[in-house]
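What follows is one structure encoded as structure tokens, with my remarks underneath.
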């Protein structure tokens, strides 16, 4: 680029006038997401945590979406289910297993 001291005007970079239209056309041609892709998007946007809010490695508790934890904690039956899931998780962890079949998500539509 030229400088004002050299007497040459500074060059400007500009986009062609139809660039925005081309970009918009490309966006519209993207394939639609499948149901499983949409489900994965929703799943990743959820805030996952343990019931105590501490790390699972410290407490041995299950990870679940915040909304599910609050819903379970609000009822006596849910709190019992959460306690049983944590017990199963701790038992599996003690055996050295990476995953625990705690049944907390059992019966959910997937």
Report task. Can you tell me the FRET efficiency between residue 77 and residue 37 if r is taken as the Cβ-Cβ distance and R0 is 30 Å, rounded to the nearest 0.05? Result -> 0.30
Report task. Round to a whole angstrom and tell me the spacing of the C-alpha centers of the range 46-70 and the range 75-97. Result -> 12
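FYI, it's all coordinate maths here, none of it is from the lab. Model, not experiment: these values are computed from the prediction. When we count neighbours, we look across all protein chains shown, and the Cβ atoms used for this are built from the backbone with ideal geometry, even at glycine.
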